[in-house]
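**Q** Take a look at this one; I'll ask things after.
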Amino acid sequence: MAQAESGRIVEAVAERREGSRWILACGEDEILMNDSEAPEGLAEGDRVKVFVHPDRRGNLTATSRLPRMEIGSYGWAEVIDTDGRDGIRTDIGTSVEVIVNPADMPKLCNLWPKPGDCLYMTLRTDKGGNLFGRLVTEERIMDEFVDAPSSIFNKNLKARPYRLLPVGAFMLTEPEKYRIFVHHTEMKFEPRLGQELDVRVIGVREDGSLNGSLLPRKEERIGDDAETVLRYLNSSGGKMPFWDKSTPEEIEEMFGMSKASFKRALGKLMKSRRIEQEDGWTYLKESRD
C-alpha cells in the first residue's frame, strides 16, 4: 500500500471513526478524513480510494472526492477566478481548490483565462507540501495527444488553447485529446488560454496532429459579410457611397474585408433583392420603395 503523500490518490483502510472524523491507515501513516468527505456507507475495515492534500494548518487530510488529476497525471481544471497577485484559482474536481502561479500565465493579461475556462495541468507541491497547479508542457503533450483520423478533415471540434505563441495557438480537443495548431492568419481574434473554441480542421498531419482554423467556411463567411454590409446600410440611412467598383483600400478600411469578399456579399444581397446600386452608391431597396 502506497504511503500518504500530498497531491496523490491512494488506497487507505478505514480504521475507526472518532466523532465527526475517520482515521484512515495508509501504509504506516494515519490520515484524518472528515465525515463529510467520506463515501456514503463507509464502515470500519473498508478500503477506500482517497485524495491526500494539506489542510489549512498544513496537516495531511483526505477526501474520497477524487480530482481529475494528481501528481504525475494531467487533466482539465476549471478556472474559478483570477487574481494578478495570488494567481489563478481552479476547481480540480474535488473539495480542495488549487492555485496556478501568475508567472505561468501569458504576459498579456487579456489572454489570461476567465472563470469557466479550463486549463490542462498537473499538480505539484512546494517544500511545505502545499499544492499548486502546473500547466502542461509541449513535451508532455507530445506523449499525451491522440493521433487524429484522416476522416476528421473539415469537421468542427471543441478545443482549448494550452500554449499561446505570436505565430498562433496550440490547442487540445475535449474529450478526444487531439492536438491542433491554429496559425494566426486563421484567427479573427487571439484566444485566451483555456478558452473553449469551435475549431475547423483544415489539415491532418503525418504525425497525427491537426491544423485548424477559427475562421468560418467560405459559404458561412459570405453570410457574415452580407450581414456586416446590411448593418452598415441600416445605420447610415439605407445608403452608402460604396459599391462593387470601390477600391480595395476603401473596403478594407470601412468593412475590414477584402474586395472579393465585399463583392460576394453585394452579389448575395442583390440576388435576394435586398439592395441596388446606382452611380457609385448602394441602397437598401426598402428605403427607396
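**Q** Please verify whether the range 74-87 includes one or more residues that are in a loop (DSSP other than H, G, I, E, B), touching a residue at least 40 places away in the same chain (Cβ under 8 Å) and in contact with a helix residue (DSSP H, G or I) (Cβ under 8 Å, 6 or more places away or on another chain).
**A** There is at least one residue in the range 74-87 that is in a loop (DSSP other than H, G, I, E, B), touching a residue at least 40 places away in the same chain (Cβ under 8 Å) and in contact with a helix residue (DSSP H, G or I) (Cβ under 8 Å, 6 or more places away or on another chain).
**Q** Continuing with this model, one more query. List every residue pair whose Cβ atoms sit under 6 Å apart, with the two residues 6 or more apart in sequence or on different chains, where the first one lies in the range 25-51 and is under 20 Å from Met69 (Cβ atoms) and the second, anywhere, is surrounded by fewer than 16 Cβ atoms within 10 Å (Cβ to Cβ).
**A** Cβ pairs passing all conditions: Lys49/Glu11; Phe51/Leu66.
**Q** What single numbered condition from (1) closer than 27 Å to Thr94 by Cβ; (2) part of a strand (DSSP E or B); (3) of a type in the set (D, E, K, R) fails to hold for Asp198?
**A** Tallying (1) closer than 27 Å to Thr94 by Cβ; (2) part of a strand (DSSP E or B); (3) of a type in the set (D, E, K, R), Asp198 fails exactly one: (1).
**Q** Six or more apart or on different chains, Cβ under 7 Å: which pairs go from a residue in the range 120-139 that's in a loop (DSSP other than H, G, I, E, B) to one that's surrounded by fewer than 17 Cβ atoms within 10 Å (Cβ to Cβ) and not aromatic (Phe, Trp, Tyr)? Could you list them?
**A** Gly128/Gly58; Gly129/Gly58
**Q** Would you check if Lys107 is among the charged types (D, E, K, R), farther than 22 Å from Phe51 by Cβ, free of Cβ contacts under 8 Å to residues at least 24 places away in the same chain and part of a loop (DSSP other than H, G, I, E, B)?
**A** yes
**Q** Next question, about the same structure. Taking the conditions exactly as written (part of a helix (DSSP H, G or I) and in contact with a helix residue (DSSP H, G or I) (Cβ under 8 Å, 6 or more places away or on another chain)), does Ser261 satisfy them or not?
**A** Judged against the criteria, Ser261 is a match.
**Q** Could I ask something else about it? Could you tell me how many of the residues in the range 5-24 are small (Gly, Ala, Ser) and touching a residue at least 40 places away in the same chain (Cβ under 8 Å)?
**A** 3
Rule-based calculations on the coordinates, nothing more; no lab input. Just so it is clear, the structure is predicted and the values come from calculations on it, not from any experiment. Reconstructed Cβ throughout: ideal geometry from the backbone, glycine too, with neighbour counts over all protein chains shown.
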